[in-house]
There are 2 protein chains.
Amino acid sequence: MSAPRRTLHLNAFLMNAGHHDAAWRHPAASPERVTDLRYFQELARTAERGLLDSIFFADGLALWGKARHNALGGFEPLTLLSAIAAVTEHIGLIATVSTTFNEPFHTARKFASLDHISNGRAGWNIVTSGTLDEARNFNREEHLEHSLRYDRAREFLDVATKLWDSWEDDAIVLDKEGGVYADTDKLHPAAHRGEYFGVAGPLNVPRSPQGHPLLVQAGSSEDGKEFAARYAEAVFTAQQTLADGQTFYKDLKSRLARYGRTEDDLLVLPGIAPVIGSTEAEAKALERELTELQVPEYGLAQLSGMLGVDLTGADLDGPLPALPEERDINGNKSRFTLVAELARRDGLTLRELIARLGAGRGHRVYAGTPEQIADQLEEWFTQGAADGFNIMAPVLPTGLTDFVDHVVPVLQRRGLFRTEYTGSTLRENYGLPRPANRYTRPTG
Amino acid sequence: MSAPRRTLHLNAFLMNAGHHDAAWRHPAASPERVTDLRYFQELARTAERGLLDSIFFADGLALWGKARHNALGGFEPLTLLSAIAAVTEHIGLIATVSTTFNEPFHTARKFASLDHISNGRAGWNIVTSGTLDEARNFNREEHLEHSLRYDRAREFLDVATKLWDSWEDDAIVLDKEGGVYADTDKLHPAAHRGEYFGVAGPLNVPRSPQGHPLLVQAGSSEDGKEFAARYAEAVFTAQQTLADGQTFYKDLKSRLARYGRTEDDLLVLPGIAPVIGSTEAEAKALERELTELQVPEYGLAQLSGMLGVDLTGADLDGPLPALPEERDINGNKSRFTLVAELARRDGLTLRELIARLGAGRGHRVYAGTPEQIADQLEEWFTQGAADGFNIMAPVLPTGLTDFVDHVVPVLQRRGLFRTEYTGSTLRENYGLPRPANRYTRPTG
């Protein structure tokens, strides 16, 4: 008997009209449907038809960028995913929630609720909030310093996991005759008193099907990687080249041992924006079409946001101006470094940089046929750069439908991807264990 | 042409196994389903089959009472209602959210999202949190003083309504050709700087179908009534007698003018726990059956919580011990007074008081045939005590099914209740206007 073959995991990262910043202007896009629940339900069902592990929504606590030139604003992820849970059966549901401007009691509770609602399909992409626009919606004139955000995030996770364990799995005894609903010896206070939070507990939600929602993380700074090594079970990351991907993968996996974890306890899922054509020429033409639809003013504002440097009025046909060092950046440190290196490495003008970033905001973009895209995924997967991928369709719904109908079958033929759902929870489909409850004594 | 006849509005207040504190022990109840989404979806569809205006979930930010003797804990209301929205079409969806331990940006956003998800069926029951158990889940060792809670609630509403108006209804222009998604002249910051909150805005959700969710309030203290007169469009209230109901109704309606509102701008919905039988004897028998299933220890703990006075060890067959004055109560002032008066008026022992409170926690309980229950509703409705009712089935699902199948038809035959949904939003079904956006200039 041989060990089961290692297969890859695919997450559909959904975003309004699509990931390309000009997607909403493309004829195939549906920007008029970004507040239409059925639109997202259809996308989720397409992903489920393709047997993908999960769908995922990013989030921010302020109106991102400039809604003047992009289809921004729409649903809040937890309410949206609950409504999607009601019309799907298998696919995982991953919501982004920030630890910076939330309270652990609320957040732990909502994820436990979503996990019950979906019969064990909830995932939490844990982020910290690093923009001034977000801070200003929560009574602050400046945002929390980078390392303090991670201090708070660690304590937040400490509290949340205590709350998820506050009901043992068999706490509800339901003895109608004796009048005993729950065995209160199996309910545990969190009794947390820390630097950021004081939380008594227990949670007012019984332990959920997965015990804890799947924990996902997406920051690739030094603090981010250390946080991921300690808590995360899946990591979304932006890596431009195979070599960068391999370095990141090895680095992150090597950190797990110090937290008593093994390399199998965490999946690395780099982002890829696949621009799919039935020929390579067709794919390249779609890529050019999207570039031509870009509004440079919007791209420049986005780039300014990514770098934390105001580029308004800069010469689009000149190089990227001199930038500060990463250590002086208090926003998204890893994205800053990636963008600066990309411009330097390929000697891009600002206009070219904006075009390169338009489809994936720093994530890798690859235009080609389904076979070529499958080749790329297989190479990263077999060469130590990925356990799976975060699929970012440039234009929705077509980019997702094309991936499901044309790329997934190639991966299946190669034995790289499932041909049916075998697990019933998100953890089971990702091949990750259900966490034991810290309070439950071993029996037997 | 005559004016349309005034008809009543009905809200189904849903609670785990039912409102009676012994409901979970009754053979007709389904306490094993309180974390089963389909259970609540079925209840919502039953209410929708009965053409009710809305369903409603109460909420607290701590594990209520003692889970040892009641089916407590379960879904968080906003995630639950989003998942119910996906399988219903007409019925309003009202969630309780506290202004004491939340942030207005999050709360305004989630209700705007639910309103989009449900195509205009979201309602917010605005509460303040007054228990020590809740405070201790949010980093405090004591809860906020009663009048300060209402100060905070007023400012919270001020911010939330600004955020709901921060996108004008026609802000999205979707000009693909010109590259303009939104007319940013029609996006408005909240620019709020107050005592409790600083919120820049705009919201990251476009204006929702109802403009603002329906605003509901349920506190009947002096502060609560004044808050309701200013903001609420529907009020849930506990009133034991017709005379008390009439006094409350008149009092509340008389306060509206000072906020530039008319009596039609706010609906008063007293709670009623109808114990339904095909004969009066059958109804009384069900009432007795539930009383006999009560766990006195649980009732005493609940009563202690309502009064803010520890009654542990008190003689069940003696009278209610001496109580402090309402002005010294910092929890739910109106419930305190109601319970104290009920015990005094009817000369009840503690055991009798616990039995009377078991079915409705201070709300009116009425056991009878469908005709008798309809008589009661009609009397309160026509005698100036109610614009409709908050229906609290003692046992679920049977208590709701019986109401829909047997009481609703009687009300319809009497011309007191709709025979089809005529509006498409919750506001339309309640006969309430869609709020104008404060920033939109009149045209024409």
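No lab work stands behind these numbers, since they all come straight from the coordinates. This one's a predicted model, so the numbers in the text were calculated from it and none came from an experiment. Neighbour counts run over all protein chains shown; Cβ positions are idealised from the backbone, glycine included.
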Charges at C-beta only: +1 for Lys and Arg, -1 for Asp and Glu. How large is the resulting dipole of the protein assembly as shown about its Cα centre, in Debye rounded to 20? 100
If we count other beta carbons within 10 Å of each Cβ, what is the order of B:Arg68, A:Arg427, fewest first? B:Arg68, A:Arg427
Calculated Rg and Dmax of the protein assembly as shown using C-alpha coordinates, Å: 28.3, 89
Could you please tell me the mean projected area of the C-alpha convex hull for segment A:23-130, averaged over all directions and given in square nanometres to one decimal? 7.3
Restricting to Cα pairs under 8 Å and 6 or more apart, the percent relative contact order of chain B works out to 23
Taking the Cα-to-Cβ direction at A:Asp183 and at B:Ala281 and moving 7 Å from each Cα, how far apart do the two end points lie in nm? 4.4
Which whole number gives the average count of other chain Cβ atoms within 10 Å of the Cβ atoms across peptide B:197-210? 5
Chain B: angle of helix B:146-164 to the longest principal axis, Cα-based, in degrees nearest 10: 40
Ranked A:Asp175, A:Asp133, criterion: other C-beta atoms within 10 Å, fewest first: A:Asp175, A:Asp133
Spin-label point model (7 Å from Cα, Cβ direction): what's the A:Glu297 to B:Asp264 distance in nm? 4.5
Using amide H atoms built 1.01 Å from N in the peptide plane, name the residues 5+ places from B:Gly18, or on other chains, whose amide H lies under 5 Å from its own. B:Leu396
For segment B:364-393 and segment A:234-285, what is the separation of their C-alpha centers, rounded to whole Å? 63
Length released on extending from A:Glu289 to A:Ser254, taking residue separation times 0.36 nm less the Cα-Cα span: 8.4 nm
For helix B:370-382, report the angle its Cα long axis makes with the longest principal axis of the Cα atoms of chain B; keep it between 0 and 90° and round to the nearest 10°. 60
Treating segment B:177-280 as a set of equal point scatterers at the Cα positions, no solvent, please give the Debye-formula log₁₀ I(q)/I(0) at q = 0.18 Å⁻¹. -0.98
Describe numerically, in nm with one decimal, the distance between label points set 7 Å from Cα along Cα→Cβ at A:Ala28 and at A:Ser304. 3.2
Shortest first and in nm with one decimal, please list how far the B:Glu263 label point sits from its counterparts in the other copies (point 7 Å along Cα→Cβ). 7.8
On full extension of the chain, what length is gained from B:Leu132 through B:Glu371, given 0.36 nm per residue of separation minus the C-alpha to C-alpha distance? 81.7 nm
Here the Kirkwood hydrodynamic radius of segment B:365-429, Cα-based and in Å, equals 12.8
Positive-end residue of A:Val34, A:Ile117, A:Ala86, charge dipole of segment A:5-120 with Cβ unit charges: A:Val34
How long is chain A along each principal axis, judged by its Cα atoms, biggest number first, in Å? 77, 54, 43
Taking 1 over the mean of 1/r across every pair of different Cα atoms in segment A:271-327, what Kirkwood radius in Å do you get? 13.8
Give a residue-ordered list of calculated ³J(HN,Hα) values for segment A:30-47 (Karplus: 6.51 cos²θ - 1.76 cosθ + 1.60, θ = phi - 60°; whole Hz; x for Gly, Pro). 10, x, 6, 10, 6, 10, 10, 3, 4, 4, 6, 4, 5, 4, 5, 6, 5, 4
Cα Rg, Dmax, segment A:81-148, angstrom units: 14.5, 43
Segment A:Thr247-A:Arg413, extension gain: residue separation times 0.36 nm, minus the distance between their alpha carbons: 56.9 nm
Out of every Cα-Cα pair in segment A:301-364, what percent are more than 20 Å apart? 16
Run through the other copies and list how far each one's label point is from that of A:Glu378, in nm with one decimal, shortest first; the point sits 7 Å from Cα along Cα-Cβ. 7.7
Estimated FRET transfer efficiency when R0 is 51 angstrom, pair B:Arg38-A:Thr349 (beta carbons, to 0.05): 0.35
Let me spell out the model: positive unit charges on the Cβ of Lys and Arg, negative unit charges on the Cβ of Asp and Glu, origin at the Cα centre of chain A. What dipole size does that give, in debye rounded to 20? 520
Please give the helix B:333-346 orientation as an angle from the longest Cα principal axis of chain B, in degrees from 0 to 90, rounded to the nearest 10. 30
Whole-Hz ³J(HN,Hα) from phi, Karplus 6.51 cos²θ - 1.76 cosθ + 1.60, for segment B:272-278, glycine and proline x: 8, 9, x, 9, 9, x, 6
Given A:Lys176/B:Lys284; A:Lys66/B:Lys176; A:Lys66/B:Lys162; B:Lys110/B:Lys176; A:Lys333/B:Lys176; A:Lys162/A:Lys186, the pairs whose alpha carbons are separated by over 24 Å: B:Lys110/B:Lys176; A:Lys333/B:Lys176
Nm distances between copies for A:Ala436, ranked from closest, using label points 7 Å along Cα→Cβ: 6.5
Calculated on alpha-carbon atoms, Rg and Dmax of segment A:301-444 in Å: 20.8, 72
